[in-house]
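Okay, structure first, notes after.
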Amino acid sequence: MGTKHVIILHYAAPPVVGGVESTMYHHARLLVARGYRVTIVAGRGDRFDTQVGWYPIPEVDSRHPDVLSVARALARGEVPEGFYPLKERLVRMLKPVCQAGDVIIVHNAITLHKNLPLTAALYELVTDEVSRFIAWCHDFAWMDELYTPELHSGYPWDLLRTPWPRVRYVVVSEYRRHQLAELLQLSPETIEVVPPGVDVAAFFKWEPETQRLVNELRLLEAEPLLLLPARVTRRKNIEFAIRVLGELSQCMPQAALVITGPPGPHNPANQAYLCALHELSAQLHVRERVHFLYEHGTDAKPLHVSDAMMSDLYHLADVLLFPSKREGFGIPVLEAGLARLPIFAADIPPIRESAGPWAVRFDPDGDPSKVARQIEKHLATNAIYHMRRHVLRTYTWERILETKIVPLLQEVFASS
């Protein structure tokens, strides 16, 4: 079958700033990483990734002088002489690149009036069956009172409210699906919903090492992710945290625990303690979800978790679990407070002093199952936790690629 070639077309492309341009950027980078060949066709913008092809056609731009001149007449209800030569010019320029693609994803130009000669040119290419087309529809000119004064009955305006043959329509929300179905008199089930997403790493400004750990350990899939910022020493009571995880896994099987520090450097027995913790994790069937980060360095070297990475981990985690039996103060409780993390900590004097009534405290020699039930109960009614999980399960760009875009492309490629 060979590598499939996806053409993504819009008036403008990154680094132009906009919602559609951002969507194009993320689609392109992720499709290339997935093994597709991708080319961006736009009137304005620039090459933004060495692995993504760039094919500029100035007349595709909604702000091209010739397009603006024609648009002024079209807004008055006139089809000027310049419309048809511009449309034919666009057909000639677009046809070779469209023929080279296995699918052409057109953003907005099939339902928006910002470059009607382009819309008309695309319609001609669609009817000539030069390739497969997907109409990615963000906005609908005929359903926006801001734009309807510039629209008129007849050609070319009616192209924006007519279902095109052999075109797969995509919208960004259920609300938009029902709008487009009404506009085109189509069954809503024939229109695919593919929402935009969020770039979690960019949003949180993760360190490169944090991103690597998130990918390798699949930390975004942990529900919940428990954070224990500590060196591996017996006074940190890490076995209690592992037992809590074991109990919590009975009702939350995707729960995971991250321990940030290495074995303490001053006591040779700490290495034996680490081995015992691994054995306990295996006995409780949570070995794959207990992560000692110092073991995940590169080039056979231990990982040093920097202050910047610690900040990343606080914002990545869902709960601070701090079962230490002895502390002089307990800085992680303060850091968790800044990061808005729920705090479950040992009931020892320094924690009572620093966290006051705002931490759930427990006996560090007590029953781990009780702590697990407290965590489960707290998270069960925590709207922030559930919204966060909803976003991570549904709205990351990576998740949208795997669950929506790749299946859609495979379906379109398989169509005749």
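For Arg92 and Ala33, what is the calculated FRET efficiency with R₀ set at 25 Å and r taken between the beta-carbons, to the nearest 0.05? It would help to have the intermediate numbers written out before the result.
Details: r = 33 Å, r/R0 = 1.33.
It comes to 0.15.
Straightening the chain between Val391 and Asp46 buys 121.1 nm, computed as 0.36 nm per residue apart minus the Cα-Cα spacing.
Using 0.36 nm times the number of residues separating His304 and Thr3, minus their current alpha carbon distance, what extension gain do you get? Present the calculation step by step, with values, prior to reporting the outcome.
Details: separation 301, 0.36 × 301 = 108.36 nm, distance 4.00 nm.
This chain segment gains 104.4 nm when fully extended.
With respect to the chain, whose longest principal axis is taken over its alpha-carbon atoms, helix 19-33 is tilted by about 70°.
Rounded, prolate or oblate for segment 82-189? Axes are the square roots of the Cα gyration tensor eigenvalues, ordered a ≥ b ≥ c, and the cut-off for rounded is a/c under 1.5. Taking the square roots of the gyration eigenvalues as a ≥ b ≥ c, segment 82-189 is oblate.
Spin-label model, Phe204/Ser69: points 7 Å from Cα along the beta carbon direction are separated by 5.3 nm.
Based on Cβ point charges of +1 for Lys and Arg and -1 for Asp and Glu, what charge dipole magnitude is obtained for the chain about its Cα centre, in debye rounded to the nearest 20?
On the way: 44 positive and 48 negative charges, 119 e Å.
Roughly 580 debye, rounded to the nearest 20.
What is the helix-to-structure angle for 174-184, meaning the angle in degrees between its Cα long axis and the longest Cα principal axis of the chain, kept from 0 to 90 and rounded to the nearest 10? Approximately 10 degrees, to the nearest 10.
Per-residue ellipticity at 222 nm, computed for the chain from helices alone with -39500 (n - 2.57) per DSSP H run of at least four residues, works out to -12000 deg cm²/dmol.
Provide the gained length on full extension for the span Phe329 to His285, in nm with one decimal, where the gain is 0.36 nm per separating residue minus the Cα-Cα distance.
Working: separation 44, 0.36 × 44 = 15.84 nm, distance 3.30 nm.
Value of the extension gain: 12.5 nm.
Give the Kirkwood hydrodynamic radius (Å, one decimal) of segment 202-394, defined as one over the mean of 1/r across all pairs of different Cα atoms.
16.8 Å
For the chain, the equivalent ellipsoid derived from the Cα gyration tensor has semi-axes of 56, 21, 18 Å, listed largest first.
Report the Rg/Rh value for segment 305-384, based on alpha-carbon coordinates and the Kirkwood definition of Rh.
Values: Rg = 12.6 Å, Rh = 13.1 Å.
That ratio equals 0.96.
With Cα atoms defining each centre, segment 148-173 and segment 202-275 are spaced 53 Å apart in the structure.
How charged is the neighbourhood of Glu174? Take every other residue with its Cβ under 15 Å from the Cβ of Glu174, and add Lys/Arg as +1 and Asp/Glu as -1.
Working: positive: Arg176, Arg177, Lys404; negative: Glu182, Glu189, Glu192.
Around Glu174, the charge tally is 0.
Just so you know, all these numbers are worked out from the coordinates, no wet-lab data involved. Bear in mind the structure is a predicted one, so any value in this text is a computation, not a measurement. Every residue, glycine among them, receives a Cβ derived from its backbone with ideal geometry; neighbour counts consider all protein chains shown.
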